[in-house]
Amino acid sequence: MASQESEGREQAVAVEVLDNSIGQPACKKGGWSTVPFIIGSALASTVAIYGVTTDLMQFLDHRFSIKSIKASQITNIINSLMNLTPVAGALLCDSYLGCFLTISIFTFISFLGTLMITLVSVVPSLAPPSCDHALGSCQPPSMTQFALLCLAFAVVTLGAAGTSFTFVTVGANQFDKGKDQEVFVNWFFFTTTLAMLVSFTVVVYVLDNVGWGWGYGTCAVLNAISFALFVIGKWRYRDVRPRGSPLASLARVVVSTARKVNLELSKNDEVYYRGLGAQAQPLVPTSSFRFINKAALVTKGDTDSDGSIAKPWRLCTIEEVEDLKTLLKLLPLWSTGIFLTTATGIQTNLNILQSLTMDRSLNRHFKIPAASFQVFVFISMALFLPIIDRFFYPVWRTLTRQSPTILHRIGAGHIVNAVGLAAMAYVESRRLKMVHSHGLQSRPDLMVPMSALWLVPPLALIGAGSAFYIPGQVSLYYQEFPASLKNTGTSMMSLTMGIGFYFSTLVVDVLQKATGWLNDDINKGRLDHVFWMLAVLGGLNFLYYIACAKLYKLQSTR
């Protein structure tokens, strides 16, 4: 069945990567007795990390009197760092620390960060005095107060760097059988999804309705629980030593190519280095990016008498050269995902500003927190994953008599995402009409008589688009990345998100300076123009994606 094939591809992404990280013989430690400690620690850590950032815009606005657009930019920067630093954390884990030390150190750092944010939120001298925001007479934070705030979030971001990609690795390392690893991975992803939903609902509700100190204090306690749970299970864990940086061979290819830049390429395939003994590969250099073949060109003094490499930073194998070529070919396809994250970063924060002006009441006693509207994206993703497998794939086969590839799935995600942005623009147009018809342009303190549930259909479309392209991108990177770089491949999605959030900050800054669309009082701005712009750019990005996809040939079809 298509759903089984899809699930198998996605599970294999994690499982095979984790298999590659197992460098030690099986021992008596490990097994299912370690799972409660690892899963419990991951659950607490994920709720805490996401809990700190879900309601960040309102915290910056209400507690630190930072205007909404500036708060949006700060939020995007922090979200970007949250997605960029795990790549460095994964490399540090692989190269030097190993899983246990990495998680132990960075969960403790994360605890210190959330503790600092808790203190900032409750100690009066660490933030500007409270004020009536409706009157616009709020005092901005001092340099010292703002510096302490930035330091607190920097520590939290540093803590997230060492845990995001490491919990699943240490968990699967506890098992010898692939089936057991698959079961663990399934439970891990279920736990992560549950943790995100808790962060966007329970934690946001506490922050909005109980108090900042209680909300962030809860996150600090959860980080402490995460650290304690993981460390308590130390004597049960199977220890795996670091195996060195997975990017070292790529760096060697680049350096070797640069050192041989003046050499002439040979048409004789025998002069290119294939490896030694059992590790030798019957490969020949390909014609694409031919200049990189120089890194495998054997010259005098490059090898020892036994045929082994004498100068590792001057000679590489053909396989290592082809690995770098594969990554270079993937870069254009990878770059198409940056816009998707850029649009997501802008849309997420602007949706919060929209919902704050709209009627969020479900009944007399409950009002949906503004930051919790992103839950509808997650719910839509969860619902559309089986729909894609049971409807999209069969319809595609019926219409084309061929099975859709990963590239088809990602392309569909581009289209649905652009439609979702257009739907968001339409909803904002209706909201602005209500603002003008009721004369609320200069009354940001009054609620627009329009239900915030109008935001749900566009958010559902954006979630559906994510269900297409996020698993598709992860599967693409895993399938196409060289065998020695599978772990790096799975982190490429995080790298895309990090860069995208940075670009979202840049776009917001440019729009604020060059147009009147973004105003701290969104009733005076034109957020609908922003969403229409993103929808049009999404369409252009889709055309760019089509061009990249046509030029790239999947390994399975080579």
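The values are calculated or read from the model by the stated rules, or taken from the named source; none is laboratory data. Just so it is clear, the structure is predicted and the values come from calculations on it, not from any experiment. Don't worry about glycine lacking a Cβ; one is built from the backbone with ideal geometry, like all the others, and counts go over all protein chains shown. The accessibility values were calculated without ligands, DNA or RNA, using every heavy atom of the protein model including side chains. Shrake-Rupley method; radii C 1.70, N 1.55, O 1.52, S 1.80 Å.
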I'm trying to understand the selection: among the residues of the range 504-518, which are modelled with pLDDT of 90 or more, assigned to a helix (DSSP H, G or I) and surrounded by 14 or more Cβ atoms within 10 Å (Cβ to Cβ)? VAL507, LEU511
What residue, of THR157, THR163, is open to solvent by less than 20 Å² (accessible area, probe 1.4 Å), at pLDDT 75 or above and part of a loop (DSSP other than H, G, I, E, B)? THR163
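Filter the range 69-91 down to the residues that are more than 17 Å from GLY500 (Cβ to Cβ) and within 18 Å of the chain's Cα centre (by Cα), then identify the one that is surrounded by the fewest Cβ atoms within 10 Å (Cβ to Cβ).
Among those that are more than 17 Å from GLY500 (Cβ to Cβ) and within 18 Å of the chain's Cα centre (by Cα), it is ALA88.
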Could you give every pair whose Cβ atoms fall below 8 Å, whose first residue belongs to the range 111-130 and is without any contact (Cβ under 8 Å) to a residue 40 or more places away in the chain, and whose second residue is surrounded by fewer than 16 Cβ atoms within 10 Å (Cβ to Cβ) and not in a helix (DSSP H, G or I), counting only separations of at least 6 or pairs across chains? PRO129/GLN139
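So, in the range 519-556, exactly how many residues are of a type outside the set (A, V, I, L, M), open to solvent by 70 Å² or more (accessible area, probe 1.4 Å) and in contact (Cβ under 8 Å) with a residue 12 or more places away in the chain?
Residues of the range 519-556 that are of a type outside the set (A, V, I, L, M), as a first pass: 519-521, 523-526, 528-529, 531-532, 538-539, 541-542, 544-545, 548, 550, 552-553, 555-556.
Next cut, open to solvent by 70 Å² or more (accessible area, probe 1.4 Å) only: 524, 526, 532, 544, 550, 553, 555-556.
Those left that are additionally in contact (Cβ under 8 Å) with a residue 12 or more places away in the chain: 524, 526, 532, 544, 555-556.
The total comes to 6.
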Kindly list the number of the only condition in (1) within 16 Å of PHE59 (Cβ to Cβ); (2) part of a helix (DSSP H, G or I); (3) out of contact with any helix residue (DSSP H, G or I) (no Cβ under 7 Å at 6 or more places or on another chain); (4) open to solvent by less than 50 Å² (accessible area, probe 1.4 Å) that fails for PHE146. (4)
Condition set small (Gly, Ala, Ser) and outside any helix (DSSP H, G or I), scope the range 198-240, selection farthest from ALA172 (Cα to Cα): answer is GLY211
Does MET450 count as in contact with a helix residue (DSSP H, G or I) (Cβ under 8 Å, 6 or more places away or on another chain), at pLDDT 90 or above and within 19 Å of SER361 (Cα to Cα)? yes
Exactly one of (1) crowded, with 16+ Cβ neighbours inside 10 Å; (2) under 28 Å from LEU540 (Cβ atoms); (3) at pLDDT 85 or above is unmet by LEU331. Its number? (1)
Close pairs (7 angstrom Cβ cut-off, 6 or more residues apart or separate chains): closer than 19 Å to PHE167 by Cα and of a type in the set (S, T, N, Q) in the range 73-94, assigned to a helix (DSSP H, G or I) and open to solvent by 30 Å² or more (accessible area, probe 1.4 Å) anywhere: ASN83/MET497; THR85/LEU158
With the checklist (1) crowded, with 20+ Cβ neighbours inside 10 Å; (2) without any contact (Cβ under 8 Å) to a residue 24 or more places away in the chain; (3) not acidic (Asp, Glu) in hand, flag the one item VAL52 doesn't pass. (2)
Selection within the range 108-153 - small (Gly, Ala, Ser) and at pLDDT 85 or above: SER110, GLY113, SER121, SER125, SER142, ALA147, ALA152
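Within the range 475-486, identify whether any single residue is more than 28 Å from LYS70 (Cβ to Cβ), outside any helix (DSSP H, G or I) and out of contact with any Gly (no Cβ under 9 Å at 6 or more places or on another chain), and answer yes or no.
No, every residue in the range 475-486 fails to be more than 28 Å from LYS70 (Cβ to Cβ), outside any helix (DSSP H, G or I) and out of contact with any Gly (no Cβ under 9 Å at 6 or more places or on another chain).
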Checking SER372 against (1) touching a Phe, Trp or Tyr at 6+ places or on another chain (Cβ under 8 Å); (2) in a helix (DSSP H, G or I); (3) open to solvent by 60 Å² or more (accessible area, probe 1.4 Å), only one condition comes out false. Which one? (3)
Inside the range 402-446, the number of residues satisfying the requirement of being of a type in the set (Phe, Trp, Tyr) and loosely packed, with under 15 Cβ neighbours inside 10 Å is 0
